[in-house]
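Data first, discussion second: the structure below is written as structure tokens.
Coordinate-derived values only; no laboratory data. What you see is a predicted model, and the numbers here were worked out from it, not measured in a lab. Glycine gets a Cβ as well: all are built from the backbone with ideal geometry, and neighbour counts include every protein chain shown.
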Amino acid sequence: MSSSSSSSSTAPSSPDVEEGGDGGGGNGGRERTRRRSNNEIWPEPFVEALATQVAVDAARSLGRLSAAPALANLFLVCSTWRAVSRSDLLWQYLTRHIWGRARLLHDTWRDEFIFRHRTYRNFRTGNYARTTLHFDPSDAEDNDSLVCRCLALSDHHLASGFADGSVRLFHLPSRRHLSTFRPHHRDDRIGRFSRAVIGILLSDDSIVFASHDGDIHVASLHPPSPSPPTRRAHYGNLVNDGVLVDFTGCNRWWVGLYAGVPGRSFRVWNGETEDTVFVGGTLTDAESVNGWRLLADPTEFIGRIRVTSEESAVACTKMSLMVFDLRNFELILSEEFRREVVVGAVDVSNDAAVLVDIRGVASVRRVRDLGQVRGFRLRGGGAGVVGLLGCMNLGYVLMCAGGATRVWDWETGQGGHGGGSLYSFRERIGEASAFVANDRHVAAYTSDTIIHLWDFGA
């Protein structure tokens, strides 16, 4: 499944292995025939269950890239066992449990598994295709309108949110700018950056985006048009709620992090009904003044909030970190007060989170208890965190600062010496103001109004 070692790691592509005698017709031949016959009478559901267990165990103990070689060895036992490799239900299960994918983008689930394996390995080896995405900036009101602090990725699209409240949508396969979504007008603006977009939820069917003033807009991506209509799902109230400093969510929930009004750090909406289901929390009470300053200067990250695959929320400011359950809003799963955190480098993937402190020490934590899984140090120590932006995916942590991007393997910890990185991107870009990654793409926005895109699945 690896592009560089397809014969050893793509189990279903392995050629049939010759079976039979030892060339002399002796006992060796009879023993091979007897073993083959015994193997061939095992029922197919049993072999399929065995293949599933072997692959999942290998992925858990040695990393996801170990699942394919383990399957290849199993399928070499005999032609009957190899026939199980044609079960699409097997590949569907393995794709979901090893690669976290429940949506089919290729012809078969076997093809999907192979693609995910190759893409994951490309992240490890630095095998990518780089391009840039462009749009016409002439429709912006002024240079301030082109400030971008927010990017989002889906399977086929990238969205960038700007200071004037607009969101530009790009089609990843064609690298084309498709649409520009614009917010509904408000007459009660407070500060020139009150409508700056600070959070985007993006799928290949719809987009939800939120701004500092608390407005949340929703739009469909179908049919695509240059200026599609948007609907305001929530009318923000700066006086009562404070400034919305970050916005995230999942299919079931929308979650906002506020600063400026004590006791109202969090607001949670039901993503299906769009009703508010929780308001409260004191996480950002100490950041009230800084929160209000975002309306005049949006360059600082006051707080960040991310949602895990287990429906918990990870929220942080510079001095504190909290994890709470989205199914029971009063239940705080973990809380920690620690050395100052670089807020712009905090991210989650599935049930893991990455944190970096001001000394340049990074750690990947289990979200449920904040126990450390992996640790590493940024080059340059504390100086390396100036302007640092970070993100993570299934197996890799990416950090961007000073135009350079570096990659660490957080799942296995292999490849770096003494916590060193796997590699750095070959290109240096300008200072990034937004940075995002998923399991195929990495994107960064720089002040020259260019979106840099790296594709590890090309």
Two-site label geometry, Tyr235 and Arg368: point separation in nm, points 7 Å out along Cα→Cβ: 4.4
Label zone at His106, where the point sits 7 Å out along the Cα-to-Cβ direction: segment 142-158 residues whose backbone N lies under 19 Å: 155-157
Label-point gap, in nm, between Glu330 and Asp187 - each point 7 angstrom along Cα→Cβ: 4.3
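At a temperature of 37 °C and a viscosity of 0.692 mPa s, determine how fast segment 285-347 diffuses translationally according to Stokes-Einstein, using the Kirkwood radius over alpha-carbon pairs as Rh; express D in µm²/s, rounded to the nearest whole number. Before the final figure, lay out each step's value.
Working: Rh = 12.6 Å.
Here the translational diffusion coefficient equals 260 µm²/s.
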In segment 214-280, chymotrypsin sites (Phe, Trp or Tyr not before Pro) in a DSSP loop with at most 15 other beta-carbon atoms within 10 Å: Tyr235
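Could you sort 155-162, 319-326 so that the peptide with the highest average Cβ count within 10 Å comes first and the rest follow in order? Numbers along the way, then the final one.
On the way: 155-162: 22.2, 319-326: 19.8.
So the order, starting with the most tightly packed, is 155-162, 319-326.
Loop-only trypsin sites (Lys or Arg not before Pro) in segment 132-219, please: DSSP not H, G, I, E or B, and at most 15 other Cβ atoms within 10 Å.
Details: sites: Arg149, Arg168, Arg175, Arg176, Arg186, Arg189, Arg192, Arg195; in loops: Arg175, Arg186, Arg189, Arg192, Arg195.
When the trypsin sites (Lys or Arg not before Pro) of segment 132-219 are filtered for loop state and at most 15 Cβ neighbours within 10 Å, Arg175, Arg189 remain.
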Förster-model FRET efficiency, 25 Å R0, Asp144 and Arg176, C-beta, rounded to 0.05: 0.45
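For Cys250, Cys78, Cys400, which order do you get if you count the other beta carbons within 10 Å of each Cβ and list the fewest first?
Details: Cys250 15, Cys78 19, Cys400 25.
Ranking Cys250, Cys78, Cys400 by Cβ neighbours within 10 Å, fewest first, gives Cys250, Cys78, Cys400.
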Förster radius 22 Å - calculated FRET efficiency between Asn127 and Leu62 (Cβ-Cβ, nearest 0.05): 0.55
Karplus-derived HN-Hα couplings along segment 98-105 (A = 6.51, B = -1.76, C = 1.60, θ = phi - 60°), whole Hz, x at Gly and Pro: 9, 9, x, 10, 10, 10, 8, 10
Listed values [x] 1.04; [y] 0.96; [z] 1.09, entry calculated as Rg/Rh (Cα atoms, Kirkwood Rh): [x]
In order through segment 392-407: 3J(HN,Hα) via Karplus (6.51 cos²θ - 1.76 cosθ + 1.60), integer Hz, x for Gly, Pro: 8, 10, 3, x, 9, 9, 10, 10, 10, 7, x, x, 10, 10, 10, 10
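If each residue of separation counts as 0.36 nm, what is the full-extension length gain between Met319 and Gln414 once their alpha-carbon separation is subtracted? Write down the numbers at each step before the final one.
Working: separation 95, 0.36 × 95 = 34.20 nm, distance 3.05 nm.
Gain on extension, Met319 to Gln414, equals 31.1 nm.
Arrange the following residues from fewest to most other Cβ atoms within 10 Å of their Cβ: Tyr396, Tyr120. Provide the component values of the computation, followed by the final result.
Values: Tyr396 22, Tyr120 25.
By the 10 Å Cβ count, ascending: Tyr396, Tyr120.
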Integer Hz, Karplus 6.51/-1.76/1.60 couplings in order for segment 123-139, x for Gly and Pro: 4, 6, 9, x, 9, 8, 10, 10, 8, 10, 9, 10, 9, 7, x, 5, 8
